[in-house]
Amino acid sequence: MSLNQLHKQLKEKYIKFLFTDYYDTIVHRHVHPNYAQRLWAKFMIRELGLCISIDKLYFIRQESVNYLVNKLGKSIDEIPYHRQKEEISKRLINDDVISVNEKDDFINLFEDADVKAESSVQYIDQDVLDTIKYFKSNGGKVYIVSDFYGAKTLFEKLLTHHKIIDLFDGIYSSAELEKSKSSNSIYEPILSELKIEPEEVMMIGDNLKSDYTNAIKNGLNAYHLPHKNYLRKNKRNNFGNDKKQLKSIINAVYKKCKKSSAIPYTEYVIFYHIFAERLYEVAKRKKIKNLFFLSREGQYLKKLFDSYQDFALIDESHRIKTHYLKISRHAALQMSLKDINEEPFTFLSKKYGNISTEDFLIAVNCPDNLREKVIKELNIEGRASVKGFFNSPIFESLKQNETFVSYYNEHRDLSRRAFETYIQSFNTNIEENGIHLVDIGWGGTMQEGIYAFFDEQIPVTGYYLGLNEIYDIQPLTKRHGLNFSLMPYPDYHDHIIMANMQLYEQFSAADHGSALDYSLDAEGYTLEYHKPEEKWLYENHIKPHQEQMYSLHKKLLVNLQPLCYSEEMMQETMSKIALKVGLFQSVKKLKFLDTLSHGFYQNVGTNQVGISYEPPKIKSPIKSAIKFLMTPEKYFRYLVKLKPVLYKKNKLITMLAPMYFVYLYIKLNKYIRFKILKRFFLLKYNAFK
């Protein structure tokens, strides 16, 4: 766009002062002007943890302004910014969205949320900016004169964001002066304040009436910018679909991860990113001050969460502190052991009901020489698997063995004191606030161990990427699966997203070994062991995989920020991606999985190597077939493992697996159930969910 004519007039008319509009002059928006206020609503809800939808808060703001227009008898651009804040907060208090005590926080955050919303959708008009810079360099003075809903301070923050605040000698906002260009009431007071003559001033802007006609009426020179294209674009931005745009952004990541240059399965960043976002929102809503990320998967999850918080946080004083707690199911058992006659060994008995005496002694970290002595004293075959071990005579004899009991009591005391010191090193008030844990999932074994450590007196709440097991959840051990969950019941999306849980775990592996126990003499109070194959796998495969995912996460932060979407919209989109990821596995992906499988380490029991695949238990083939046809998502966790299993047996057969037809059927099934049958039948109450 050429502004030669403007340059010519500035010179010929000996203009000393340049008044400039802001919107659709210096900057433009990628969205409709009102969409910026929907983003304001999104950021306010996220930062304050408000229980209200984006659209409802947006409409409350719109109606509050309309009310003030009628009450004060002013135009919409002349309503004082502080009056808007007050009116909106009154309505939210009345609707129990915020309390009276939370009003100050709401008002204090209001402007910064507007700044974040506006800055996320604005871009500079370089031609206009170059003109202003040229005029300024020749001794002219430049003032912003804008019909704008915000205060002068809001403008200052936006100009600071764009790094152009030094270009302006003053800022005049209609909301601040309660006078506007559109009503032709703002020019005279500004001229009077600056003590300048109107013929020395040039007003530039995009609005024919406000920036040109009314300026001329007040004796100013004026130039109407040829920005009709931007105005038409604003009108076109009235149309659009948040859901489609969300789908487009997520699909772009998926397609990028399918390219030959991408490491296989880096599209899993979508699931990790959504988890970090939801964790931040939940933590804000519940006013959580400290989050403890559990090793080892918590190391990568913490990195993503910290990155998300750095990007999203508006008020630094409300930053959530994050901690990395080294723990494992094995280590959790050691520090939470009760007296031998009271300890239920819940996790071991549930997962390894039939276990050998030697494996049990290994599970409680009994040294080699002591294990041999105990087994010899019991006069048993230590490696023989004992059916129902924890209800067996052998276990009863073990509880009476003085050698074992002496070791057990000393061991649990030392482990407990070391873990207590370790927890205290984080300098958080757990006794008052409880402890909030973050992990991949899947049931909450380590959460149960920490709860037992605190003698079941302190709330221990778990936030997981997913929940796939139901334990005896108590009021003080609540747990939440943020991407998928069996609680309170699993729906269609839960079944799809939870299908490949072991990969969520594998791709978030840490750069250190598993915690085995706690010791006051150990560095960082933890005793760890890093299996060689695990270490090799991390350095050569997982680390590059995580780095590539992290770069995609950074792009998602930017691309998703200026978009309003609900949790339901994101869940639907995430489910569609999970369906594709689970069924469409190339040879490159299968090779990658095979490599990972040889380094996958389970740190409880016999430390098996390899990602395990449990086949479905089919009692009646016909009934199972009918169930699959009706609700195929419930069998999806087996379908996603079909090709990896076949790949190990016969690579040719793997390629013949009809996954595309399975994909089409699942989509057709979902469409018929949820788009057609659900509207006319009550099948959702007995056959579908």
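Here, each number is a calculation from the coordinates, and none is a lab measurement. Note that the structure is predicted; figures quoted are calculated from it, not measured. Here Cβ is always computed from backbone atoms with ideal geometry, including for glycine, and neighbour counts include all displayed protein chains.
Taking every alpha-carbon pair under 8 Å whose residues sit at least 6 apart, the chain reaches a relative contact order of 13 percent. Taking a straight Cα-Cα cut-off under 12 Å and skipping sequence neighbours fewer than 8 places away in the same chain, the aspartates and glutamates within cross-link reach of Lys531 are Asp511. When the inverse distances between all different Cα atoms of the chain are averaged and flipped, the Kirkwood radius reads 29.5 angstrom. When each of the peptides 140-153, 347-360 is scored by how many other beta carbons lie within 10 Å of its residues on average, the order from highest to lowest is 140-153, 347-360. Looking at the chain only, what percent of DSSP beta bridges run antiparallel? Nearest 5 please. Antiparallel bridges: around 25 percent, rounded to the nearest 5.
Taking the convex hull of the alpha carbon positions in segment 313-458 and averaging its projected area over all directions gives 10.2 nm². Measuring against 18 Å, Cα to Cα, the residue pairs Lys617/Lys678; Lys152/Lys181; Lys116/Lys233; Lys141/Lys181; Lys233/Lys256 contain Lys617/Lys678; Lys116/Lys233; Lys141/Lys181; Lys233/Lys256 as the ones spanning a longer distance. Which whole-angstrom value gives the distance between the alpha carbon centres of segment 560-602 and segment 465-531? Centre-to-centre distance over Cα atoms comes out at 18 Å.
Can you sort Met630, Met659 so the residue with the fewest Cβ neighbours within 10 Å comes first?
Lowest to highest Cβ neighbour count: Met630, Met659.
Listed by chain and number, the lysines placed with their C-alpha closer than 22 angstrom to that of Lys399 are Lys338, Lys350, Lys351, Lys373, Lys376, Lys387; residues fewer than eight positions away on the same chain are left out. Can you find, among Phe628, Leu225, Asn354, the residue sitting farthest towards the positive end of the charge dipole of the chain, where Lys and Arg contribute +1 and Asp and Glu -1 at Cβ? Checked the options; the winner is Phe628.
Principal axis extents of the C-alpha atoms in segment 492-608 (largest first, rounded to whole Å): 51, 34, 27.
When only DSSP loop residues count, what chymotrypsin sites (Phe, Trp or Tyr not before Pro) in segment 1-106 have their Cβ near at most 11 other Cβ atoms within 10 Å? Counting only loop positions with at most 11 other Cβ atoms within 10 Å, the chymotrypsin sites (Phe, Trp or Tyr not before Pro) in segment 1-106 are Tyr14. Taking the C-alpha atoms only, the angle from helix 543-560 to the longest principal axis of the chain is near 30 degrees.
Exceeding 27 Å between C-alpha atoms, which entries from my cross-link table qualify? They are Lys74/Lys133; Lys42/Lys303; Lys243/Lys675. Spell out each step's value before the answer.
Working: Lys74/Lys133 35 Å; Lys42/Lys303 24 Å; Lys243/Lys675 17 Å.
In this structure, Lys74/Lys133 lie more than 27 Å apart at Cα.
Estimated from helical segments only, the mean residue ellipticity of the chain at 222 nm is -15500 deg cm²/dmol, where each DSSP H run of four or more residues counts as -39500 (n - 2.57).
Test of understanding: extend the Cα→C-beta vector of Lys543 to 7 Å, then name every residue of segment 508-525 with backbone N under 18 Å from that spot. 508-514, by backbone N distance to the label point.
Please report the relative contact order for segment 61-115, taking Cα pairs under 8 Å with a sequence separation of at least 6, and give it as a percent rounded to a whole number.
Numbers: 27 pairs, mean separation 14.4, N = 55.
For segment 61-115, the relative contact order is 26 percent.
The mean sequence distance of close C-alpha pairs (under 8 Å, at least 6 residues apart), as a share of the length of segment 161-226, puts its relative contact order at 26 percent.
Which of the GluC sites (Glu not before Pro) found in segment 464-558 are in a DSSP loop and have at most 14 neighbouring Cβ atoms, other than their own, within 10 Å?
Values: sites: Glu469, Glu505, Glu523, Glu528, Glu533, Glu534, Glu539, Glu547; in loops: Glu469.
Answer in residue order: Glu469.
Helix 621-630 against the longest principal axis of the chain: what's the angle in degrees, Cα atoms only, rounded to the nearest 10? Helix 621-630 sits roughly 10 degrees off the main axis of the chain.
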